[in-house]
Each structure stands twice: as C-alpha cells, then as structure tokens.
Amino acid sequence: MSVLSSLKKALRPGASQNFPNDLESLWMPFSANKHFKKNPRIISRAKGMYYYTPSGDQILDGVAGLWCCNAGHTREPIVEAIKKQAEELDFAPAFNMCHPKSFELSSKLSQMAPGGFNHVFFGNSGSEAVESALKIALSYWREKGQESKKILIGRNRGYHGTNFGGVSVGGIEKNRAQFNKFLPEVYHLSDTHNLKKNAFSKGQPDWGEELADELDTMIEKHRSENIAAVIVEPVAGSTGVLIPPKNYLNKIKRKCVENNILLIFDEVITGFGRLGKSFASEYFDITPDLICLAKGINSGTVPMGAVLVQDEIYNAFMNKDEKMIDLFHGYTYSAHPLACAASLAALKLYKEEGLFERASELSKYWEDGIHSLKGIKNIIDIRNLGLIGAVELEPMDGKPTRRAYNVLCEAFVNQKTLLRVTGDIIALSPPLIIEKNQIDQLIENLKTTLQQTE
Ligand SMILES: Cc1ncc(COP(=O)(O)O)c(C=O)c1O
C-alpha cells in the first residue's frame, strides 16, 4: 500500500479529505524530500496556536509557522480583510501606477519605525527585501557620485534569504556550495557564537563585543571609500538563534557612522513584536539606514517583503528629471493588494491585542521555561531573547544535523508539536498569542522528545 493510501485510510471520520493525489510531483524547498515522502508530515488546517493534520491531530505551533504567524493562525480580521480585498481589487500594476492601500500601509510602517524611515519599498519575501536593500545601498553611493563604494560586508552564519545577493552576503557555506559564482566583492565578519564563553547565557551574552572590532580591520584593509554597506541580522534566527553580545550592535553602528558606511538590519524575523517591540532596532535602540522586513508584516498570510528606507537615501534618488525612473528595480507583485490588506489588518490586530507588549511580558516566563531544559541529555547550550529560544544539541558522531532532524520528526509525530531545526539546533519562536500553559506544554513536549530521541 502506498504511503498516501495508508494515510487516507487512517483518516478519522469528519477529518479533512482534501488530500493530494501525488507526493512525488512536488520538490519541497530546503527539505529532505526522499525521507519526507516516505514519512509525510502534512498540515491541512490551522487555528490560533494550532495546526491540524488531515487525520485530525492537533499540533502545537512552536515556531509561528516559519517565524511568521505572529498573530496566530487564521485570525478572523485578517482573513476577512483578504476576502474583502480579493472581491474589491485583485491586482493593480505596481509600476507607475498604484492602489490606495499601498500608500496607507507604507505610512503605517513608517510611523511604526524609529525616526527617519519615511519611505518603504515593497517586495514579496524576505529574500526580495534583502535583494532590494542591497541594490538600494549600492545604487545610493552611485547616485552620490561615490562609485567606488561597492564592497558589501556580511557575517558568517548570517542568513539573508536565498537570492544571489542574499546568499553572497549570508554566511552559510552550504547555501553557496551547490551553485557557482556569487557577488564578487563581499567579505564576512566572524559570527558571535561561542559555546566556550557564552553557553547557557540568558538573554544577551556578556562576551563578544570585541568581535565588532573586526570591522576596523576590514575597513583598514579595504578602505571605507570602497565599502558600501554592512548587513546583519540583529538576532540571527535561521542559523540557530545567535543572540548579539551586549554592546556588539552599538559598536557596529558606531563604526559604520564613523566610516560613512550604510548599516542594513535584516529584521525579517525580529520585526513585528518578536522581541517585544515593533522592531529590533527599537529594542536595541539602534537606528540603521535600511531595515528589511517580511514574515510578521502580515502575520505570514500573503507573501510580502519590504525595505524601510531613511529620508537621506530616498532623497538621493529624487534629483533626476521627474519623468525618469529613479530606481531600476521592482516586482510585478510589489505591494500586492491582498498582501497590503492583510498587513493593514495584522498591524491593527497586533495593536488592538497589545501583542508586542504581550511578547515582552512573557519573555521572562519563556526564558525560565526554556532554560529549565538544562541537564537533559545531548543539550550543549540554551539561549533566548524576547519570544525566541534555541536548544543546541551535541551532533551525532559523523552525522551532523541528524540528531536535530530526528527531534523534529519525533516531536511532530509523537508529541504533536511543530519545531524548527537548523543544523543541530532546535529553534523556537511561537505566535505572540501563546498562553503560559501552552509555553509549559511546548517545553514539556520538547523535553519528552529529547529524552526519547537518540
Ligand atoms: C533574517 C532573514 N532574512 C531573510 C530571510 C528570507 O526570507 P524568505 O524566506 O521570505 O525569502 C529569512 C528567512 O527566514 C530570514 O530569517
């Protein structure tokens, strides 16, 4: 019997029947396709803090889908806004034309951001937000007549999506290794992760501020007149939750200002309440020049990405003949009406329910919960900030990533819990609506999973 027909047979009465006919045709992204197709984990419905499988199992969502459903799942005001928008205006061309909600949303996002971000450029994903920010940074210097400023500086273990620019400035070798050449003039700072110095730190680690001084060495070597921008995630998520050491980000910012280098914060996961504030920039009280957003922008409901742009940068593009295009970049679906409507509804919901403040209030309970796992076999580090957490596991001998992958599968099948794993690290980032008893349940399910997984 095929996996699919045995799954169909296992359907409980009343459970969803909308099964795909064929698993083979789909090439799933960032997935172990062969293993998945033998052991499919299919999600067919969601509500609030839970996913549901076609056979009716309720799955506790420990990662807000993929760090994006900050308001929880299928929230009525967002669903209604999308439905209404689809009836009213399905699509509007984005080039030299626009629709009212795109302006409304860009104003709202500007108001939420720390000072000076009065302009917003829209794309459809975190990767496109990064790509747009890198292009804006490079072309800004050309607009200013400083064409030599072409070097981009990223960080090891940085993740900035999967487009060519993002992979170039990102610091994950595996994301480059399958392909060929990338952007030529890119250098990487060291990452700030250090188990010897910082294991089991609660919140921001004490050690590591000095790693920011590497930027001085790079500037000395490549000279500031050749460096366009530094891009970092304020808290790196997809490479295993790397919390910035105390004062590290401030130092990076100061050095960028002193050397006339743009600073880009990739806030694709830290935006929209994850740290208890609208943006990490606000949480750390650091104002970069460009901020990349996506995911929580509309609680993960319709693909959308955005770049917040400081006045100084936007204005540099506005001194041309007014009938000429100012930036040769954009997407058919930039500021798509459905994405904008969903975002406006999500931002309203975040505010009405005080979800960012809620994340802040819960963060201590969250910290205590996740650190209570210390001592369980194979755990070599636990870290947290806001409503983000990570548990790092000792890799299996000769089989890096296998242990965490087993935990992912075990947690889903036997503990009815959705986790995210990256390398041998389990990452957690629940919807901001999580209740304390659900935090307890999540930690308990993870504990049982870790105890039962080799
Ligand atoms: C910091 C960061 N930047 C960019 C991206 C890419 O976003 P997307 O997958 O929407 O392209 C991600 C995705 O997790 C991310 O965490």
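The values are calculated or read from the model by the stated rules, or taken from the named source; none is laboratory data. Computed from a predicted structure; not experimentally measured. Here the Cβ is made from the backbone with ideal geometry for all residues, glycine too, and neighbour counts use every protein chain on show.
The conditions are (1) in contact with a Ser or Thr (Cβ under 6 Å, 6 or more places away or on another chain); (2) over 23 Å from Cys68 (Cβ atoms); (3) at pLDDT 95 or above, and Ala137 fails exactly one of them. Which is it?
(1)
To keep it simple, each residue is scored yes or no on (1) among the β-branched types (Val, Ile, Thr); (2) touching a helix residue (DSSP H, G or I) at 6+ places or on another chain (Cβ under 7 Å); (3) in the same structural domain as Leu60 (by TED's automatic domain parsing).
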| site | (1), (2), (3) |
| --- | --- |
| Asp368 | no, no, yes |
| Asn384 | no, yes, yes |
| Ala390 | no, no, yes |
| Met396 | no, yes, yes |
| Arg402 | no, no, yes |
| Val421 | yes, yes, yes |
| Pro430 | no, yes, yes |
| Glu444 | no, no, yes |
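Within region 245-288, restricting attention to residues that are among the small types (Gly, Ala, Ser) and within 19 Å of Val169 (Cβ to Cβ), which residue is nearest to the chain's Cα centre (by Cα)?
Among them, the one singled out is Gly271.
Only one of Ala335, Ala316, Ala341 is over 20 Å from the mean Cα position of the chain (by Cα) and either within 19 Å of Ala92 (Cβ to Cβ) or surrounded by fewer than 14 Cβ atoms within 10 Å (Cβ to Cβ) (or both); which?
Ala341
Please go through (1) in contact with a Lys or Arg (Cβ under 9 Å, 6 or more places away or on another chain); (2) buried (at least 23 other Cβ atoms within 10 Å of the Cβ); (3) more than 18 Å from Leu134 (Cβ to Cβ); (4) not β-branched (Val, Ile, Thr) for Tyr283 and return the number of the only condition it doesn't satisfy.
(2)
Working only within region 113-162, note down all residues that are within 29 Å of Asn96 (Cβ to Cβ), part of a loop (DSSP other than H, G, I, E, B) and aromatic (Phe, Trp, Tyr).
Phe117 - this is the single residue of region 113-162 that is within 29 Å of Asn96 (Cβ to Cβ), part of a loop (DSSP other than H, G, I, E, B) and aromatic (Phe, Trp, Tyr).
State whether one or more residues within region 411-424 are without any contact (Cβ under 8 Å) to a residue 60 or more places away in the chain and of a type in the set (Lys, Arg).
Within region 411-424 (the criterion being without any contact (Cβ under 8 Å) to a residue 60 or more places away in the chain and of a type in the set (Lys, Arg)), the answer is no, since none of the residues qualifies.
Having 1 or more residues that are under 30 Å from Asn124 (Cβ atoms) is the bar; report the helices (runs of 4 or more DSSP H) wholly within region 163-227 that clear it.
164-169, 173-177
Before we move on, is Gly166 crowded, with 24+ Cβ neighbours inside 10 Å and closer than 21 Å to Leu262 by Cα?
Against the criterion (crowded, with 24+ Cβ neighbours inside 10 Å and closer than 21 Å to Leu262 by Cα), Gly166 qualifies.
Against the definition (charged (D, E, K, R) and within 15 Å of the ligand (Cβ to nearest atom)), how does Glu282 come out, yes or no?
No.
Just give me the residues in region 105-126 being under 16 Å from Phe265 (Cβ atoms) and polar (S, T, N, Q), in sequence order.
Result: Ser110, single match.
Can you tell me which residue in region 287-310 is nearest to the ligand (Cβ to nearest atom), limited to those that are touching a residue at least 40 places away in the same chain (Cβ under 8 Å) and under 20 Å from Arg157 (Cβ atoms)?
Ala294
Being surrounded by fewer than 17 Cβ atoms within 10 Å (Cβ to Cβ) and over 22 Å from the mean Cα position of the chain (by Cα) is the filter here; which residues of region 195-209 pass it?
Listed by number, the residues that qualify are Leu195, Lys196, Lys197, Ala199, Phe200, Asp206, Trp207.
Could you please find all residues in region 230-260 being within 15 Å of the ligand (Cβ to nearest atom) and either of a type in the set (A, V, I, L, M, F, W, C) or not in a loop (DSSP other than H, G, I, E, B) (or both)?
Val230, Ile231, Val232, Val235, Ala236, Val241, Leu242, Ile243, Leu249
Enumerate the helices (runs of 4 or more DSSP H) found wholly within region 287-402, keeping only those where 1 or more residues are under 22 Å from Met97 (Cα atoms).
Passing ranges, in order: 311-316, 337-352.
Consider Asn118 against the criteria (1) in contact with a His (Cβ under 8 Å, 6 or more places away or on another chain); (2) within 14 Å of Asp289 (Cβ to Cβ); (3) surrounded by fewer than 21 Cβ atoms within 10 Å (Cβ to Cβ): it satisfies all of them except one. Which criterion is unmet?
Going through (1) in contact with a His (Cβ under 8 Å, 6 or more places away or on another chain); (2) within 14 Å of Asp289 (Cβ to Cβ); (3) surrounded by fewer than 21 Cβ atoms within 10 Å (Cβ to Cβ) one by one, Asn118 breaks only (1).
Out of the residues in region 311-321 that are modelled with pLDDT under 95 and charged (D, E, K, R), state the one that is farthest from the ligand (Cβ to nearest atom).
This residue is Asp321.
Give the number of residues within region 64-90 that are in contact with a Pro (Cβ under 9 Å, 6 or more places away or on another chain) and assigned to a loop (DSSP other than H, G, I, E, B).
Counting residues in region 64-90 that are in contact with a Pro (Cβ under 9 Å, 6 or more places away or on another chain) and assigned to a loop (DSSP other than H, G, I, E, B) gives 6.
In the list Val130, Val63, which residue meets the criterion of being of a type in the set (Val, Ile, Thr), on the phi < 0 side of the Ramachandran plot and not assigned by TED's automatic domain parsing to the domain that holds Phe182?
One residue alone meets the criteria, Val63.
Taking the residues in region 383-402 that are touching a strand residue (DSSP E or B) at 6+ places or on another chain (Cβ under 6 Å) and crowded, with 22+ Cβ neighbours inside 10 Å as candidates, determine which candidate is farthest from Asn437 (Cα to Cα).
Among them, the one singled out is Glu392.
In region 212-242, how many residues are surrounded by fewer than 21 Cβ atoms within 10 Å (Cβ to Cβ), among the polar types (S, T, N, Q) and touching a residue at least 12 places away in the same chain (Cβ under 8 Å)?
Matching residues across region 212-242 total 2.
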